[in-house]
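Here the structure is laid out as structure tokens; the discussion comes afterwards.
Quick note: the coordinates plus some simple rules give every number you see, no bench work behind them. As the structure is a computational prediction, the values presented were derived from the model and not from experiment. Reconstructed Cβ throughout: ideal geometry from the backbone, glycine too, with neighbour counts over all protein chains shown.
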Amino acid sequence: MHLPLEDRLGMNLLAANQHQAEHNREHFEAWQVLALNVMSSPGAGKTALLERSLPQLAQEWSMAVLEGDMTTQLDAERLEAVGIPVVPITTGRSCHLDAAMVSGGLKLLRERLNPNQLDLLWVENVGNLVCPAEFEVGEHHKVALLSVTEGEDKPLKYPLMFRQADVVLITKIDLLPYLPVELETFRRNINSINPKASVIPVSAVTGEGIDVWHAWLRSARQNTLEPALAMA
């Protein structure tokens, strides 16, 4: 049975992307840098989270950000103000970053610094709950954000992103007193899609949960890179 042309093209596109993603991962591991793919819907708080986390984490790690956006560099400018190297990637009409775009961003980053000096690379994906989850970029871990303002049912309605996430950050929890939602329902719905994912409630405004989030990052770096280094 022959697949329709559009299905064959889609499979070829994903296969080519996967090949490039594996090539990106080879670079990350050669550089001994932990790569994180940060994904969410628009407005869930990805950039705000990084604005809160990066100054604290910069005290122990060297980091850089590949900042994906469709048309502007506004988020990149916000993160540059934090003092972390940022490479903006403008996708145009594309609703996600793919492995080739990240590869291009890495080339620009290498013009500014030696990637061997990095400990952590953040890939802030385009705000979208569907497309970013379908395209690997070579990351070691997927980080999904879900704000309490989006509603408790989002993991059930958009399961792929939450099924693939290694950690889900429930953001904007400082707004919980003003919303008809319950934190436990968010947690339960996420766990029903992905029982293995770590679920961490956070607020970039108050700082609640940020220490737990940073502890997860330290554990992820240790568990992901140190075994590979020991085998090298």
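Between V102, V205, V143, the residue with the greatest mean-square fluctuation in the GNM of the chain (Cα pairs under 10 Å linked by springs) is V205.
Mind giving me the FRET efficiency for K157 and T206? R0 is 22 Å, r the Cβ-Cβ distance, nearest 0.05 is fine. Please report the intermediate quantities before stating the final value.
Values: r = 28 Å, r/R0 = 1.27.
The value I calculate is 0.20.
In the chain, helices alone account for a calculated mean residue ellipticity at 222 nm of -13500 deg cm²/dmol, with every DSSP H run of four or more residues adding -39,500 (n - 2.57).
Comparing T171, T90, T71 in a Gaussian network model of the chain where C-alpha atoms under 10 Å apart are linked, the largest mean-square fluctuation is found at T71.
Subtracting the Cα-Cα distance of T72 and S219 from their residue separation scaled by 0.36 nm leaves 49.6 nm.
The stretch 134-201 and the stretch 67-102 have Cα centres lying 23 Å from one another.
Given the options I200, I190, I170, which has the most mean-square fluctuation in a GNM of the chain, springs set between C-alpha atoms less than 10 angstrom apart? Of the options given, I200 has the highest mean-square fluctuation. In terms of its C-alpha gyration tensor, the stretch 147-232 has an oblate overall shape, because the principal axis ratio a/c (a ≥ b ≥ c, square roots of the eigenvalues) is not below 1.5 and a/b does not outweigh b/c.
Counting other Cβ atoms within 10 Å, keep those with at most 16, restrict to DSSP loop, and tell me which GluC sites (Glu not before Pro) in the stretch 151-189 are left. Intermediate values should be presented prior to the final figure.
On the way: sites: E152, E182, E184; in loops: E152, E182.
Sites meeting the loop and neighbour criteria: E182.
By the scheme Lys and Arg +1, Asp and Glu -1, what is the net charge of all other residues having a beta-carbon under 15 Å from that of D75? Intermediate results must be reported in sequence, preceding the final value.
Values: positive: K46, R52, R78; negative: E51, E67, D69, E77, E80, E124.
Within the 15 Å Cβ shell, the charges total -3.
Between L13 and D174, the modelled labels are 3.9 nm apart [label points 7 Å from Cα along Cα→Cβ]. Restricting the trypsin sites (Lys or Arg not before Pro) of the stretch 151-232 to loop positions (DSSP other than H, G, I, E, B) with no more than 13 neighbouring Cβ atoms within 10 Å leaves K196.
Taking 7 Å steps out from each Cα toward its Cβ at V181 and N114 produces label points 4.5 nm apart. Determine the shape class of the stretch 58-180: with a ≥ b ≥ c the square roots of the Cα gyration tensor eigenvalues, call it rounded for a/c under 1.5, and otherwise prolate if a/b is greater than b/c, oblate otherwise. It comes out prolate by the Cα gyration axes.
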